[in-house]
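The values are calculated or read from the model by the stated rules, or taken from the named source; none is laboratory data. The shown structure was predicted, so the numbers you read here are calculated from the model rather than taken from an experiment. Each accessible area value is taken on the protein alone, full model and side chains, heavy atoms only, with ligands, DNA and RNA left out. Shrake-Rupley method; radii C 1.70, N 1.55, O 1.52, S 1.80 Å.
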Amino acid sequence: MNWTIHQQITIHQFKVDSVANSSVVQVGSAGSIRSLSQLYNTGGFTGPAPQLQEENPLTFVPLPNPT
């Protein structure tokens, strides 16, 4: 038996609290979701990243509070 499903989905606000390596977000219907996890070392790194010094070189941009 085959089913054909037509959907129209309107999203006004979409909030994601956290994202991890194995996160899945599904909107609508799917016959099946198969997991796939891939990790790439595109920079050719051979060791861990160096620790940050006392003075933090990162700059933070203040964001408005969600409404």
Averaged per residue, what accessible surface does the chain expose to a 1.4 Å probe, in Å²? 117
For the chain, state the average projected area of the convex hull of the C-alpha atoms over all orientations, rounded to one decimal in nm². 9.5
Heavy-atom accessible area of the chain with neighbours in place, 1.4 angstrom probe: carbon+sulfur share in percent works out to 52
